[in-house]
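Student: Below is one structure. I have some questions about it.
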Amino acid sequence: MTAWGQRLENPVSDQLRNPTTTGYVGLALGAFAAIIAIPPIEARSPTWPIAVGIVAIALGIWTATRGRRKLGWGAAVIGLLGIGLGILATRSGTANLESVFDATLIGQTFGFATPLVFGAIAGMLSERSGIINIALEGMMLMGAFWAVYGSDKGGSWIVGLLVGMLSGGVLALVLAYFAIHLRADQIVVGIGINFLALGITGYFFQQFYNGQVAKQISTVPNLHIAGLGHFLEASIGNLSILTWASFVLVIVAWVVLFKTPLGLRIRACGEHPRAADTVGINVYLVRYSAVIVSGLLVAIGGVYLSLGPTGNGSFIDNTTSGKGYIALAAMIFGNWRPAGAFAAATLFGFSTALALKLQVYSPQASALFGILPYVLTLIAFAGVIGRVVPPAAEGKPYAKQ
């Protein structure tokens, strides 16, 4: 072997030639090709997005030919999209770009991601214990409506938060009973609960408010942090308390699931419940607890939708508009891990915030980007990008012997 060959044979170079590494680098470069022409970089020549995108496509093809086909072709597609978006950005006026890609885009991204983070972590907790929670949508919707009712009658957003969480916990208990004790099909039960929540909220919304919340009610306050400087203060200096709580939740979820005996029990019930039962773990109790806590958490996402900055104390029929399903997709994108789920939820939040900002160009551009979260949801459910491995016993009823 030559001296150059010996130099290339080391752990670092082996890792750089790893198809997984090149695939993710290709994804990153494809995304970079799309943003290289926008603030703060603002490379105005189309040569830059084209060059970076070509490298991303080449890495994607190389990865695909080395066995990681989904990841590789995903990187190639992202590289191609990056070239197209980068070229479009170079043709846009600088003033329009600066009005779209400013500091407030960051705050809006975290704001739109907040209910998705709560939903994704909730779904992850339930499914790590072995119970598929398709009912995230219904639990979030219940949390949104009953939070408004609780805040209205209780005179405080804290009462609304507790009432909203309780409503999500009750629906979660229904799911747990059917899935664990009756051993019913968990997906069918979850869809049924979603329709049940839609009917309950629609009926009581008409009964209590005649289809419109006309009065001013207590809402969740924002946490204002001064002295951060203009950019940081505009981006994260005035976020909702629940947005900050979602950041904390991601850390707590990771610690609990992967660093505590309780998390080990939850994961054991989701991977091999028979073995967990053999060593003395009460599988039924763990699954019931995980599903109920899941309902409490996703309901907080619903509380944010109605009592947070976007809802501002209001409610409309089907106010969640599929956000529970998008949260489920974020969980799958994140491979049932807190950090991955948070990153996916932030990506979905960014696409929604960007769609809102793109109204400066045209309603058509805004509407086009508005459907992006749903497209990404389909991609997640189809398993196009990467290989996701759910818990081994997920969706499988367990009967104690």
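Student: For segment 320-359, state what percent of all Cα-Cα pairs lands in each successive 10 Å bin, counting from 0 Å until the bin that includes the largest distance.
Tutor: Whole-percent P(r) values from 0 Å outward: 33, 47, 19, 1.
Student: Another one. Order by neighbour count: K153, K400, fewest other Cβ atoms within 10 Å first, most last.
Tutor: K400, K153
Student: Using only alpha-carbon positions, what ratio does the radius of gyration of segment 183-338 give when scaled by 2.2 N^0.38 Å?
Tutor: 1.29
Student: If you don't mind, there's one more thing I want to ask. Under 28 Å between alpha carbons, and skipping anything fewer than 8 positions from K153 in its own chain: which lysines qualify?
Tutor: Of all the lysines, those that pass the test against K153 - Cα under 28 Å, at least 8 places apart if same chain - are K215, K323.
Student: Also, quick follow-up: Could you compute how fast segment 210-265 diffuses translationally, taking Rh as the Kirkwood radius over C-alpha pairs and applying Stokes-Einstein at 37 °C with viscosity 0.692 mPa s? Give it in µm² per second.
Tutor: Stokes-Einstein gives a translational diffusion coefficient of 228 µm²/s.
Student: For the chain, build the charge dipole from Cβ charges (+1 Lys, Arg; -1 Asp, Glu) around the Cα centre, then report which of G202, L71, V55 sits farthest towards its positive end.
Tutor: The residue sitting farthest along the positive end of the dipole is L71.
Student: Just need the relative contact order of the chain here, percent rounded to a whole number, with Cα pairs under 8 Å and 6+ apart.
Tutor: RCO, the chain: 24 percent.
Student: Here is a follow-up. Under the Kirkwood approximation for Rh and a Cα-based Rg, what ratio Rg/Rh is obtained for the chain?
Tutor: Dividing the radius of gyration by the Kirkwood radius yields 1.02.
Student: Mean residue ellipticity at 222 nm from the helices of the chain, using -39,500 (n - 2.57) per DSSP H segment of n ≥ 4 over the full residue count, to the nearest 500 deg cm²/dmol?
Tutor: Value at 222 nm, helices only: -23000 deg cm²/dmol.
Student: Right, here's the next one. Considering the convex hull of the alpha carbon atoms of segment 4-153, report its projected area averaged over all viewing directions, in nm², one decimal.
Tutor: Dividing the Cα hull surface by four gives the mean projection, 14.5 nm².
Student: Here is a follow-up. Rg and Dmax of segment 70-120, Cα atoms, in Å?
Tutor: 15.2, 38
Student: Loop only by DSSP, 14 or fewer other Cβ within 10 Å of the Cβ. Give me the trypsin sites (Lys or Arg not before Pro) in segment 52-127 that pass, ordered by residue number. It would help to have the intermediate numbers written out before the result.
Tutor: Numbers: sites: R66, R68, R69, K70, R91; in loops: R66, R68, R91.
Sparse-neighbourhood loop trypsin sites (Lys or Arg not before Pro): R91.
Student: Let me ask something additional. Using only Cα positions of segment 270-331, each an equal point scatterer, no hydration layer, compute I(q)/I(0) via Debye at q = 0.15, 0.21, 0.27 Å⁻¹ and quote the log10 values to two decimals.
Tutor: -0.62, -0.87, -1.12
Student: Another one. Can you tell me the equivalent ellipsoid semi-axes for segment 116-189? Use √(5λ) from the Cα gyration tensor, largest first, whole Å.
Tutor: After diagonalising the Cα gyration tensor, the semi-axes are 26, 13, 9 Å.
Student: Here's something else I'd like to know. Return the equivalent ellipsoid semi-axes of segment 155-211 as a descending list in whole Å, where each equals the square root of 5 times an eigenvalue of the C-alpha gyration tensor.
Tutor: 26, 16, 6
Read-outs: derived from the displayed coordinates by stated rules, not from any lab. Values in this document were obtained by computation on a predicted structure and should not be read as measured data. Note that we place each Cβ from the backbone using ideal geometry, even for glycine, and neighbour counts take in every protein chain shown.
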